[in-house]
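Values quoted throughout were computed directly from the atomic coordinates according to the rules given, and no laboratory measurement underlies them. Remember, it's a predicted structure, so these values are computed and weren't measured experimentally. Positions of Cβ are backbone-derived with ideal geometry, glycine not excepted, and every protein chain shown enters the neighbour counts.
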């Protein structure tokens, strides 16, 4: 958008929820600074809410659209209409981008118009800009991190207090860290959408939400965290997008980290993302992953980049296959009958599947007997097959529980 | 720089040291990616070294200049000549920017030409871009962090091994983490130059190296680290640029951090920078602070932004006074004579200067007697006056030693 002297830039605002209201207030507060930085003074030209405003009128009266409605429809239609009308769009809508990214980016490219979305991933942590701009021509090997603050808060609290999942979830809801219906967060879908976006940017390849394998934290037991503490591990819900075997793997799963891992000290509702590449080693960025004002700040940063005349986003350029079966290390928790030969039978099953045990503890007696171990990295398909066979043993008092472990040294 | 189809962009390279050689290799390796991202293929048009090449010829044959000579002259002349010729410049030269920033930015603005310098601070950690672009209109309250990897390596090693400064410095030199003449790093001047640059960007105000108060780590004793460990503190050389009393304070000093501080776990030759603002809370970025390839990657990111047509850097816009006397908390180490009344005399001096003690230990007897304490935040001028008076007491066996303590809770 070229500078046009002192003519104000008219911003159409779609949505006036927490983030929308914070954005309108922040824009008014920083209007002088925006004008000083870009030569153009911003003003809100119109606001569309569920009850008020006409999208067509707002679009016609705006130079730039900020989409903060959330969800896929009508957000998708509105964003497409704006791009087709040649008007740049800033959005914080991760589901929209994760599910309809191909269509949106294609239309933006065709129209030669900017579509920016820093706030869609990790709020004010500038991970989108960093990957697109600072590392835009870097051969990124891996992007991973804690991209959901709700689950990180819950896991931190469970570890600190020993309380159960349901109890801590209720506390998170009271504190506003979890929504009334927390399923998108705790089930991993929210993190999966963010990882689809980051994978697309990092690897210049189309990735949709449907291609991200995700697991949540609903099944985590206080037991798992207690054993982890003994082994010196901390538990995080991690999103991982990485190059593997000529393709990429994009996944979300709870996993254990060894102490010294840069993500291990990230506690509470914070987010943190790491980018790895041979040419950069690793860069870690952390901060609040949500919050109305923080998210609004990220939106404002994008608006300013458009007004300043920054170049548009680079497009997707290659097609990389999704590699479904990757190697992982696992923690395995078995509640077993307290009788002779159990360990031998378990070890035999693992050995037959080519799985080797790294560390191992046997605990309790009678109805409390447990085998807890960490196994070395193996293909996940092998591990699943072994776990399925273990499930069939008469020796088990309940289904096996497993959690991935990140083995890398830092 | 507008796209001109398939015509290559000619890059003049000044300097072929570690970073220069790494940049040339990286540019060749990523030429396809640069062309895909920007529409223009980069090529090295000429290289100026101490022994070879003519600057005038290289400038005439280049579309863009990369300055990796270091030092202020002839780097300054060359950069000015390029900008005046309307050619964008990318530099990694922190001393140049910290000492001649005003002149360089003024000429770049006048010529309407880009001057980019991500690599000048914390190598590949994208702190310059983040402050300029993501937080370009954010009212930043504080930028601070570990911006010198050499000193962080030395302090980490001293804390981990109990070895003395000279011994660890020698090890750092063997490992290539410290130069043969380490004075710029260990004395704090390197960190001060980086903080001058960050302060300028964060507060949109001219700050020069001469306005940054800095101390180094040469005086740190193994003793200090041992006591700190007892108090649960870790020691870092911190650069701090912050708004204070209507002005700004920009300083570099060794200081103790409480556990839980986001910078406390940063060990070895790593850098980490935090940005604080009401609208963003805090964002922390960490990674390798040096290295030829990492620094070259940061330079390449800037080159790509220029080729892609990103907007130029925002200029300095306000004048904020430097506030010289600020409040700090201190650790104070006194080697005292082992006789009655010492503590009373020390406490009286502190009390008369309005200084209150937060925590206190008395150790050793005879010629080993020591008073070690942490005092609450007070104006540094008051603390200095108290220390000067303490120095005059007959009870002291050696001059008082003091180190700042960051008290903030995280």
*asked:* Averaged over its residues, how many other protein chain Cβ atoms are within 10 Å of peptide A:34-40's Cβ atoms?
replied: 3
*Taking the alpha-carbon centroid of each part, what is the distance from region A:341-383 to region B:270-293 in angstrom?*
41
*asked:* I'd like the FRET efficiency for residue A:56 and residue B:183, computed as 1/(1 + (r/R0)^6) with the beta carbon distance as r and R0 of 56 Å, rounded to 0.05.
replied: 0.25
*Tilt of helix A:165-174 relative to the longest C-alpha principal axis of chain A, in degrees (0 to 90, nearest 10)?*
20
*Relative to the present Cα-Cα distance, how much length would full extension add between residue A:245 and residue A:352 at 0.36 nm per residue of separation?*
36.0 nm
*Shortest first and in nm to one decimal, what separations exist between residue B:74 and its copies in the other chains, measuring from label points 7 Å along the Cα-to-beta-carbon line?*
6.5
*Sorted by Cβ neighbour density within 10 Å, fewest at the top, the residues A:328, A:183, B:305*: A:183, A:328, B:305
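Antiparallel DSSP bridges in the protein assembly as shown: what percent, to the nearest 5? Write down the numbers at each step before the final one.
Numbers: 99 of 141 bridges.
So the antiparallel bridges in the protein assembly as shown amount to around 70 percent.
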*Label points 7 Å out from Cα along the Cβ direction at residue B:223 and residue A:323: separation in nm?*
5.6
*Fewest to most neighbouring Cβ within 10 Å: what's the order for A:310, A:32?*
A:32, A:310
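Only counting other Cβ atoms within 10 Å, I'd like B:258, B:177 sorted with the fewest neighbours first.
Taking fewest neighbouring Cβ atoms as first place, the list is B:258, B:177.
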*Using a Gaussian network model of chain A whose springs link C-alpha atoms within less than 10 Å, name the residue from A:41, A:129, A:339 with the highest mean-square fluctuation.*
A:339
*Taking every DSSP beta bridge that has both residues in region B:129-288, what percent is antiparallel when rounded to the nearest 5?*
95
*So how many Å³ per residue does the convex hull of the Cα atoms of region B:108-189 work out to?*
150
*How far, in degrees from 0 to 90, does helix A:380-391 lean away from the longest principal axis of the Cα atoms of chain A, to the nearest 10?*
50
*On full extension of the chain, what length is gained from residue B:210 through residue B:258, given 0.36 nm per residue of separation minus the C-alpha to C-alpha distance?*
14.3 nm
*With no solvent and one point per C-alpha, what does the Debye sum give as log10 I(q)/I(0) for the protein assembly as shown at q = 0.06, 0.07 Å⁻¹?*
-0.43, -0.58
*Give the angle, between 0 and 90 degrees and rounded to the nearest 10, that separates the Cα long axis of helix A:292-308 from the longest principal axis of the Cα atoms of chain A.*
50
*Separation of alpha-carbon centers, region B:166-218 and region A:111-172, rounded to whole Å*: 33
*Nm distances between the label at residue B:17 and the same-position labels in the remaining copies, 7 Å along Cα→Cβ, shortest first?*
5.2
_Residues residue B:166 and residue B:391, FRET efficiency given R0 of 35 Å [Cβ-Cβ distance, rounded to 0.05]_ = 0.90
*region A:9-120: Rg/Rh from Cα coordinates, Kirkwood Rh?*
0.95
*Could you give, in nm with one decimal, how far residue B:171 is from each other copy of that position, shortest first, with labels 7 Å out from Cα toward Cβ?*
4.0
*chain B: percent of C-alpha pairs farther apart than 30 Å?*
46
*If you wrap a convex hull around the Cα atoms of region A:128-282, how much volume per residue is inside, in Å³?*
115
_Potential extension, residue A:72-residue A:337 segment - 0.36 nm per residue separation minus Cα distance_ = 90.4 nm
*For chain B, modelled as a GNM with alpha-carbon contacts under 10 angstrom, which of B:114, B:362, B:294 fluctuates the most?*
B:362
*Hey, in the GNM for chain B with a 10 angstrom Cα cutoff, which one of B:264, B:180, B:199 fluctuates hardest?*
B:180
*Can you tell me the relative contact order of region B:1-98? Whole percent, Cα pairs under 8 Å, sequence separation 6 or more.*
31
*Counting only DSSP beta bridges with both residues in chain B, what percent are antiparallel, rounded to the nearest 5?*
70
*Taking only C-alpha pairs under 8 Å that are 6+ residues apart, what is the relative contact order of chain A in percent?*
17
